[in-house]
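These notes concern the structure reproduced below.
The values are calculated or read from the model by the stated rules, or taken from the named source; none is laboratory data. Not measured: the values here are computed from a predicted model. Neighbour counts are summed over all protein chains in view; Cβ atoms, including those assigned to glycine, are modelled from backbone coordinates with ideal geometry. For the accessible areas, the whole protein counts, side chains as well, though only heavy atoms, and no ligand, DNA or RNA atoms are used. Shrake-Rupley method; radii C 1.70, N 1.55, O 1.52, S 1.80 Å.
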Amino acid sequence: MTSSNPLPESFSLERQSLDLRFRNAALSTREYLTDAYVRIRVTGDELDGFGSPGHDDHIRIFLPDAPPSSVEEMREAPSREFTPVEWGTDAAGEHFLDLEFALHGDEAVASAWAQHAPIGSPIGIGGPRGSLSVVGSPDGWLLAGDETAVAQIRRYAALVPEDAPALILVEVRNAAHQMPIDAPVPVEYINRGSAAPGTALAAAIANMDEDDKPGTDPFLFVAAEQAIVKPARQLAARWGVDTARAVIKGYWKSEATGAEYHAPH
């Protein structure tokens, strides 16, 4: 006799609040991974003790013209949400934090700063104020996003076991914009060419069916331009995945709907 009980869940998503702290740092290095994607390192004594305890945590960066004299002054500067990529203490004993920027031109505040700010420029770091962790062991993984989601895809890819079914999809402009991502499975790059950002990834997701589902109880992370949310939720429904146990986000909005944007939890 076949049981009608659903399969037990292999994992859960757990959120916790964190004490909000603001820190001052300074731009230390920049490294272009492609001509439109740059990794930034910031350093400073106040980064001592910085941590991101979950698997999907965001910080807010503040970009003042001069070192702020107070937290209140820091918070008045232009700011954006970002995913911390790496942090710790380097060989010289400096406390550091690495961030990655998808470059969108000088009209975007964070993009312009990442490209043009002189080494030593001040930056404020707020948070993370909340943390999301994958607890348990998903038996499959779908990680999908555009350039703005690569930092977060890196963090999730580090959790995927070598033998787990996994799909990692990254939409970029063309082959010249494919950046290296450490992962236990090959990363599939989707080149959008001259199409609107997010549309090529949305089409790939819309074409997925049950045969493409990795595992029986997979974790889904999908983040790109805001329009990705609808097809990603439709995919979750086709696969029988509860969206309360998935992370599906619009990380930014196109010029038609708004400016540079990175969604918090």
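Tabulated values for the structure
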| item | result |
| --- | --- |
| Listed candidates (i) 18.1; (ii) 19.4; (iii) 20.5 - label of the one calculated as Kirkwood radius over Cα pairs in Å | (ii) |
| Sum of -39500 (n - 2.57) over DSSP H runs of 4+, divided by residues of the chain (222 nm, nearest 500) | -4000 deg cm²/dmol |
| Relative contact order [Cα under 8 Å, 6+ residues apart], the stretch 127-256, whole percent | 26 |
| The stretch 212-246 versus the stretch 155-194: alpha-carbon centroid distance in Å | 17 |
| Student exercise, the chain dipole from Lys, Arg, Asp, Glu Cβ charges, in Debye to nearest 20 | 500 |
| Cα gyration tensor shape of the stretch 8-87, rounded if a/c is under 1.5, else prolate or oblate by comparing a/b with b/c | oblate |
| List 230, 253, 213, ordered by accessible area with a 1.4 Å probe, largest first | 230, 253, 213 |
| Nearest-0.05 FRET efficiency for residue 188 and residue 48, computed from C-beta distance (R0 35 Å) | 0.35 |
| Simple Cβ-charge dipole of the stretch 41-127, Lys/Arg +1 and Asp/Glu -1, about Cα centre, in debye nearest 20 | 100 |
| DSSP-assigned coil residues among trypsin sites (Lys or Arg not before Pro) in the stretch 19-65, each with at most 14 further Cβ atoms within 10 Å | 21 |
| Solvent exposure, largest accessible area first (probe 1.4 Å, DNA, RNA and ligands not counted), of 129, 80 | 129, 80 |
